[in-house]
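The structure appears below as C-alpha cells.
The values are calculated or read from the model by the stated rules, or taken from the named source; none is laboratory data. Treat the numbers as computed from the prediction; the structure is a model and nothing was measured. Positions of Cβ are generated from backbone atoms using ideal geometry, with glycine treated the same way; all protein chains shown enter the neighbour counts.
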Amino acid sequence: MVKLALFARLEAKPGKEAAVAQFLRAGLEMANQEATTPIWFALKLSPTTFGVFDAFHDEDGREAHLTGPIAEALMAQAPDLFASPPSIERIEVLGLKNAA
C-alpha cells in the first residue's frame with residue numbers, strides 16, 4: 001500500500017507561468033521512469049501556483065525520488081522559474097482510492 005507522499009508547492013515568477021507548466025508536463029516522462037514512484041501528479045493550483053504530489057510505498061522510494069532526476073531538474077530550474085524556493089512537505093497517506 002502507498003503510505004508516504006510528498007507535496008511540493010511552486011510559485012512561478014511573473015511571466016514564467018507557461019514555462020513552469022511545460023516543465024511540469026515534461027516531468028511526467030521522468031516520473032514514469034521511476035519504479036519507486038507509483039503515483040505522481042503535476043497540479044495547477046492557481047494562475048501562478050503549481051504543485052506536485054507524489055506517493056510511495058516506503059521511505060526508500062521517497063528518498064530515491066528526492067535524490068533522483070526529477071528533484072535534480074527541479075532544483076536546477078528553481079532560480080529561473082520560481083519566485084521562491086519550492087516548499088516540499090513530507091506527508092503520510094491515510095487512505096487511497098484509485099479507480100483508474
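Please identify the pairs in which a residue from segment 6-25 that is in contact (Cβ under 8 Å) with a residue 24 or more places away in the chain and part of a helix (DSSP H, G or I) has its Cβ atom under 8 Å from the Cβ atom of a residue that is of a type in the set (Gly, Ala, Ser) and surrounded by 16 or more Cβ atoms within 10 Å (Cβ to Cβ), counting only partners at least 6 apart or on another chain.
Listed by first residue and then by second, the contacts come to 19/12; 20/12; 24/42.
Conditions tested, residue by residue: (1) at pLDDT below 95; (2) surrounded by fewer than 17 Cβ atoms within 10 Å (Cβ to Cβ); (3) in contact with a helix residue (DSSP H, G or I) (Cβ under 6 Å, 6 or more places away or on another chain).
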site	(1), (2), (3)
2	yes, yes, no
5	no, no, no
8	no, no, no
46	no, yes, no
55	no, no, no
75	yes, yes, no
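Output the residues belonging to segment 26-40 that are touching a Pro at 6+ places or on another chain (Cβ under 8 Å) and either assigned to a helix (DSSP H, G or I) or on the phi > 0 side of the Ramachandran plot (or both).
Selection gives 30 alone.
Could you tell me whether any residue of segment 32-39 is free of Cβ contacts under 8 Å to residues at least 12 places away in the same chain, over 19 Å from residue 91 (Cα atoms) and not β-branched (Val, Ile, Thr)?
yes
When you look at residue 89, is it within 13 Å of the chain's Cα centre (by Cα) and of a type in the set (D, E, K, R), yes or no?
Details: within 13 Å of the chain's Cα centre (by Cα): yes; of a type in the set (D, E, K, R): yes.
For residue 89, the condition - within 13 Å of the chain's Cα centre (by Cα) and of a type in the set (D, E, K, R) - is met.
Just to be sure I understand, how many residues within segment 41-100 are in a helix (DSSP H, G or I) and of a type in the set (S, T, N, Q)?
Residues flagged as in a helix (DSSP H, G or I) and of a type in the set (S, T, N, Q) within segment 41-100 amount to 1.
Can you tell me which condition residue 26 does not meet? The list is (1) at pLDDT 95 or above; (2) farther than 18 Å from residue 63 by Cβ; (3) not polar (S, T, N, Q), and all the others hold.
Exception for residue 26: condition (1).
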